[in-house]
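The block underneath contains the structure these notes are about, expressed in structure tokens.
The values are calculated or read from the model by the stated rules, or taken from the named source; none is laboratory data. Bear in mind that the values here come from a model prediction, so they are computed numbers and not experimental data. All Cβ positions, even for glycine, are placed from backbone atoms using ideal geometry, and neighbour counts span all protein chains on display.
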Amino acid sequence: MVAPTSVWVVVVMVVAAGVAGLGFFAGYEYRGSPASSPSAITNSTLSILGAGTLNSVFPQVADALVNETPGISAPTAAQTYEGSLDVTTAISALAAKVDVAAVADFRLIPQLLKPTYANYEVVFGSTPEVLVYNPSVAAFDGINASNWGTKLLAAVSTSGVAPFAVWNASTDPNGYNEIFSMMLQGMLYAGGNTSAVYGHFYSGAPGSFAVPNPSITKNEKEGQAASLVKTGVVSSLITYRSYAALNHLTYVTLDPIVGLGANTSTALADYAKLSTTILSASGASESVFPAPVLFAVTVPTNAPNPSLGAAFIHLLLSPQGAAILSAEGAFSPIFPGWADAPGAVPPVLAPDVVPMPAWAANFLG
């Protein structure tokens, strides 16, 4: 993965409709589902392989598509939500064939699926990292964006308090984003010491392979996060705001830089200083660098029903899709979507996308 070389610009929301014409209701003419056209495949099943955090919103978009499109279905059995690196590996190495593939790191589709398994990607939304915690743990009282690192360490070091949940950074972008948030918290709130928080929860110097501290961490799957916190298996975790909001978890918003959602040159400089190491699908060591949290989607080249996949993305980018994404403050939708290769998108999506901003394209190498 490439190091960041450009400034992160905050994702445009509805309130910014007048800024550069990018508000997601501004100028949008909803044309209905392309799957209802004669060229679409009827009596088809929509299949989805997506990032774990999308398991609340994508089924709603799929249901909306089914409701307005005769002759198709989108059963739960045809939808799988897991770590984004598992998503790309399933398609590229395990021959998975789905109509829609979506990831939580917009770098993954260009780097791991193009050109064999994808021709384009569309960035459709953003959601920053937050710290979820159990409010019944007294050590978390008074927690905020400035002191969460200290509060977190004090809590999980207290006898009887459940550990902090960590994710597999080699299969899930949230795993390496969690590491970066810890490093950035130390950088900004502990005199530039990137190990001030990170060093308590992981061994291995920043930039190397991060090994979780078994005395205060617990390796889990991100999709189980809500039940883990609610049942007291873990006391806290770092995850996307979307997941925390939609699962009604208690969380603290992080500094915009720490949450990987800042828009200043200072943020760029801070991100450029950091990295961690993961294992690639082949088992080789690979360096990963911080990047803004941007979710992206594509219709794989081997999709069983490509027109149905395009119909899903069209609905995702519509006001109806934006309403689903933004419910309870989960995602900040992006419309028009940002396409890395606008000329490669299906004709039905051409009015829904614009070229990816230069600062974002620079992350793709």
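In the stretch 84-113, the residues that are of a type in the set (Lys, Arg) reach residues that are not in a helix (DSSP H, G or I) with C-beta atoms within less than 6 angstrom, at least six apart or across chains, in these pairs: LYS97/ASN302; LYS97/PRO304; ARG107/MET1.
Is there a residue in the stretch 91-105 that is under 17 Å from the mean Cα position of the chain (by Cα) and surrounded by fewer than 23 Cβ atoms within 10 Å (Cβ to Cβ)? Within the stretch 91-105, none of the residues are under 17 Å from the mean Cα position of the chain (by Cα) and surrounded by fewer than 23 Cβ atoms within 10 Å (Cβ to Cβ). Against the definition (within 26 Å of ASN247 (Cβ to Cβ), assigned to a loop (DSSP other than H, G, I, E, B), modelled with pLDDT of 50 or more and assigned by TED's automatic domain parsing to the domain that holds LEU325), how does VAL66 come out, yes or no? Considered against the rule, which asks whether it is within 26 Å of ASN247 (Cβ to Cβ), assigned to a loop (DSSP other than H, G, I, E, B), modelled with pLDDT of 50 or more and assigned by TED's automatic domain parsing to the domain that holds LEU325, VAL66 comes out as no. For the stretch 157-211, name all the residues that are outside any loop (DSSP other than H, G, I, E, B), closer than 18 Å to LEU254 by Cα and β-branched (Val, Ile, Thr). Matches in the stretch 157-211: VAL166, ILE179, VAL197. Scanning the stretch 118-140 turns up one or more residues that are surrounded by fewer than 16 Cβ atoms within 10 Å (Cβ to Cβ), in contact (Cβ under 8 Å) with a residue 12 or more places away in the chain and either more than 26 Å from THR277 (Cα to Cα) or in the same structural domain as SER282 (by TED's automatic domain parsing) (or both). Among the residues of the stretch 165-174, those that are surrounded by fewer than 24 Cβ atoms within 10 Å (Cβ to Cβ) and within 14 Å of GLY52 (Cβ to Cβ) comprise ASN168, THR171. Of the strands (runs of 3 or more DSSP E) lying entirely inside the stretch 216-282, those containing at least 3 residues that are modelled with pLDDT of 95 or more span 236-240, 251-253, 276-279.
Quick check: is even one residue across the stretch 98-112 outside the structural domain of GLY223 (by TED's automatic domain parsing) and touching a Lys or Arg at 6+ places or on another chain (Cβ under 9 Å)? No: zero hits.
Checked against the criterion of being assigned by TED's automatic domain parsing to the domain that holds ILE334, among the aromatic types (Phe, Trp, Tyr) and at pLDDT 95 or above, the stretch 30-37 contains not a single residue that satisfies it. Determine whether SER235 is in contact (Cβ under 8 Å) with a residue 60 or more places away in the chain, surrounded by 22 or more Cβ atoms within 10 Å (Cβ to Cβ), among the hydroxyl-bearing types (Ser, Thr, Tyr) and within 20 Å of ALA104 (Cα to Cα). Against the criterion (in contact (Cβ under 8 Å) with a residue 60 or more places away in the chain, surrounded by 22 or more Cβ atoms within 10 Å (Cβ to Cβ), among the hydroxyl-bearing types (Ser, Thr, Tyr) and within 20 Å of ALA104 (Cα to Cα)), SER235 does not qualify. Considering the stretch 50-63, the residues that are among the small types (Gly, Ala, Ser) and at pLDDT 95 or above include one that is surrounded by the most Cβ atoms within 10 Å (Cβ to Cβ), namely ALA51. In this structure, does ALA291 turn out to be small (Gly, Ala, Ser) and part of a loop (DSSP other than H, G, I, E, B)? Yes: the conditions hold for ALA291. Among the residues in the stretch 177-184, are any buried (at least 20 other Cβ atoms within 10 Å of the Cβ), touching a residue at least 60 places away in the same chain (Cβ under 8 Å), among the polar types (S, T, N, Q) and closer than 18 Å to MET356 by Cβ? Within the stretch 177-184 (the criterion being buried (at least 20 other Cβ atoms within 10 Å of the Cβ), touching a residue at least 60 places away in the same chain (Cβ under 8 Å), among the polar types (S, T, N, Q) and closer than 18 Å to MET356 by Cβ), the answer is no, since none of the residues qualifies.
Based on this model, can you work out whether SER287 counts as surrounded by fewer than 16 Cβ atoms within 10 Å (Cβ to Cβ) and of a type in the set (S, T, N, Q)?
In short, yes.
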